[in-house]
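The values are calculated or read from the model by the stated rules, or taken from the named source; none is laboratory data. For clarity, every value in this text was computed on a predicted model and none was experimentally measured. Note that each Cβ is placed from the backbone with ideal geometry, even for glycine, and that neighbours are counted across all protein chains shown. When the accessible area is computed, the model is the full protein with side chains, heavy atoms only, and any ligands, DNA or RNA have been set aside. Shrake-Rupley method; radii C 1.70, N 1.55, O 1.52, S 1.80 Å.
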Amino acid sequence: MTAYIPALIWSMSAFACLFIAKRRNLKSNAATAAMVTLLGPLAIPYVLALKPVKPSDA
């Protein structure tokens, strides 16, 4: 049972990063997804530090 706790924390942090990125209107790409997957909980400050994408006037 205790072996599942790190995996649970890792997946919850990935969902948190996805939620934060959508909330801040960040553009996601393969590099960001790979970083979130590899870094896990350490990716949350990375996502918070990214600059939001400005909406276009088109």
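Numbers for the structure displayed
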item: Residues that are in a loop (DSSP other than H, G, I, E, B) and among the basic types (Lys, Arg), drawn from the stretch 8-27; result: 24, 27
item: Complete set of residues in the chain that are among the charged types (D, E, K, R) and open to solvent by less than 70 Å² (accessible area, probe 1.4 Å); result: none
item: Filtered residue count, the stretch 11-40, keeping only those that are touching a helix residue (DSSP H, G or I) at 6+ places or on another chain (Cβ under 9 Å), modelled with pLDDT of 85 or more and not hydrophobic (A, V, I, L, M, F, W, C); result: 3
item: Residue 25 vs. criteria on the phi > 0 side of the Ramachandran plot and either touching a Leu at 6+ places or on another chain (Cβ under 6 Å) or not β-branched (Val, Ile, Thr) (or both); result: yes
